[in-house]
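Just below is one structure, and these are the notes that go with it.
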Amino acid sequence: MRRPVIAIDGPAGSGKSTVAKLVAQRLGFLYIDTGAMYRALTLKALRIKADLSDEAKLGSLARATEIELKQSGGSLKIYLDGKDVTDQIRTPEVTNNVKYIARTKAVRECMVAIQRKLGEQGGAVMEGRDIGTVVLPNADKKFYIDASFDIRAVRRYEELKDGGAAVTEEGIKKDLKVRDESDFSRAIGPLKKADDAILIDTTDLTIEGVVDKVLSLIKA
């Protein structure tokens, strides 16, 4: 019997990545972080000093790049052309430039094809920004995880600070605002709630509280 596939979307700092990861662990499903795939390609583009405004070349780069997601000891490892880049894709430089990769039509077409193939097998929790609307419109369950802007900014700040990044709260708010504008307004695969997705506001909830809520709705 085919196991269900779960789609989780939401803006940066909403907690969707942590929730998706924990839900996948509790269900014994594959966790698929689609944002990490775009980050990996961004890392490669930066390393080779690619022109991030040249959509044709970025599309060719995507088609010539191997990106793999592997579960390892309870965590997700990202491999770029056979090499582990799990930590390298989380740098501020990658974060500030991933929007150029994510808005490129040819890149998204390539990534969506890979993501759909992963999701078709079932038994997966896939998170991103257009999963329920574009990548897996027929997902068995869809969730849209959100939170107030200020709370999202605080979460993002604490995450980066704990990771050793030299950041300020004001700087994070500025970056988050720019990122939101890019995510919501891009022409290809913009961030939005699918009509049949369940909205969960995490502003006043703990991560465990959100995970429990999602799991109860999946099993309902």
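Where a number appears in this text, it was derived from the coordinates with a stated rule and is not lab data. The structure presented is a predicted model; accordingly, all values stated were derived computationally and were not measured. Using ideal geometry, Cβ is built from the backbone for each residue, glycine included, and neighbour counts are taken over all protein chains shown.
If the convex hull of the alpha-carbon atoms of the stretch 1-152 is projected onto planes in all directions, what is the mean projected area in square nanometres? All intermediate terms of the calculation are to be shown ahead of the outcome.
Details: hull surface 36.7 nm².
Orientation-averaged projected area of the Cα hull: 9.2 nm².
Can you check what the net charge comes to around TYR31, using other residues whose Cβ is under 12 Å from the Cβ of TYR31 (Lys, Arg +1; Asp, Glu -1)?
Values: positive: LYS16, LYS21, ARG26, LYS70, LYS77; negative: ASP33, GLU127.
With Lys, Arg at +1 and Asp, Glu at -1, the neighbours total +3.
With Cβ to Cβ distances under 9 Å as the rule, what net charge do the other residues near LYS99 carry (K, R +1; D, E -1)? Every neighbour counted, the sum reads +2.
Let's test the formula: R0 of 30 Å, r as the Cβ-Cβ distance of GLN71 and ALA113. What FRET efficiency results, to the nearest 0.05?
Details: r = 21 Å, r/R0 = 0.72.
The computed FRET efficiency comes out at 0.90.
Under 26 Å of direct C-alpha separation, and excluding same-chain neighbours fewer than eight residues apart, LYS57 reaches these lysines: LYS44, LYS49, LYS83, LYS99, LYS105, LYS117.
In plain terms, the chain from VAL154 to MET1 could stretch by 50.9 nm, reckoned as 0.36 nm per residue minus the Cα-Cα distance. Counting only DSSP beta bridges with both residues in the chain, the antiparallel share comes to about 30 percent.
Subtract the Cα-Cα distance of ALA56 and SER185 from 0.36 nm times their separation in residues, and report this length gain in nm to one decimal.
Details: separation 129, 0.36 × 129 = 46.44 nm, distance 2.12 nm.
Contour length minus the Cα-Cα distance gives 44.3 nm.
What separates the Cα centres of the stretch 37-81 and the stretch 123-195 is a distance of 19 Å. For the stretch 16-87, the set of GluC sites (Glu not before Pro) satisfying both a DSSP loop assignment and a count of at most 14 other C-beta atoms within 10 Å is given as GLU66.
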